[in-house]
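Each reported figure results from applying straightforward, stated rules to the coordinates on display, with no laboratory input. Everything numeric here is computed off the predicted structure, so don't read it as measured data. Every residue, glycine among them, receives a Cβ derived from its backbone with ideal geometry; neighbour counts consider all protein chains shown.
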Amino acid sequence: MLEIKIAGVIKNSIVDGPGMRYVIFTQGCPHKCEQCHNPETHSFTGGKSVLIKDLAEEIISSKTRRLTFSGGEPFCQAKELVYLSNLVLSRVDVSIITYTGYSCEDLLKMAETDKDIENLLAISQFLIDGKYVHSKRNSGIKFRGSLNQRVFDFTDYNFLHKFSDITLDWDNNKIQTN
């Protein structure tokens, strides 16, 4: 049985993306951002291992149809999150947001040799990228901690070809093209 290492879950969050969301905090993060909001998720040996099929059942039974992958660093467990997503999506329709400390550009380079990273990008409707930078902290922006973090909307665009041209301005409810 396939397992995933998680730091925990929040079944009803309104701060990890728009709407009521089921949030999974993955365990393990290579970024170690200064003054990180979730420093307990940094260790790759911490957290707890859970069966992915059990977590999928919990998400499905929660009736929350918005899912957020946070961390830790979700892309360190891309294979497991894709498997989880596919189990959930085979039974219910959910929208998925993935937070990452990597830049979208770095993820695309990594995806060239890592199919699991490519698949997690493909299954995510939104991607929030970038390390948390405490000197750029801003509590006035929605769903991000620092001004350097970007929101990518992949719902209507092919992320492999158009990612650099599309960002979503959740603060002003509009899509920006670069």
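A few comments on the model shown:
- Trypsin sites (Lys or Arg not before Pro) within the stretch 66-134, DSSP loop, no more than 16 other Cβ atoms inside 10 Å: R91
- 16 Å Cα-Cα reach of K109 towards lysines, excluding residues that sit fewer than 8 places from it in its own chain: K162
- Dipole check for the chain: with +1 at the C-beta of Lys and Arg, -1 at the C-beta of Asp and Glu, and the Cα centre as origin, the magnitude is about 440 Debye.
- Counting DSSP beta bridges with both ends in the stretch 3-177, the antiparallel % (nearest 5): 60 percent
- Only DSSP H runs of four or more residues enter the estimate; each adds -39500 (n - 2.57), and after division by the residues of the chain the mean residue ellipticity at 222 nm equals -7000 deg cm²/dmol.
- Distance between the pseudo-spin-label points of I10 and F44 (7 Å out from Cα toward the beta carbon): 2.7 nm.
- Straight-distance candidates among the lysines for linking to K32, with alpha-carbon spacing under 18 Å and chain neighbours fewer than 8 residues away dropped: K5, K131, K136.
- Ranking I59, G28, N12 by how far each Cα lies toward the positive end of the dipole of the stretch 3-177 (charges on Cβ) leaves N12 at the top.
- Neighbour-limited loop hits for GluC sites (Glu not before Pro), the stretch 1-91 (at most 11 other Cβ within 10 Å; DSSP other than H, G, I, E, B): E34
- The stretch 3-177: translational diffusion in µm²/s, Stokes-Einstein, Kirkwood Rh over Cα pairs, 37 °C, 0.692 mPa s: 203 µm²/s
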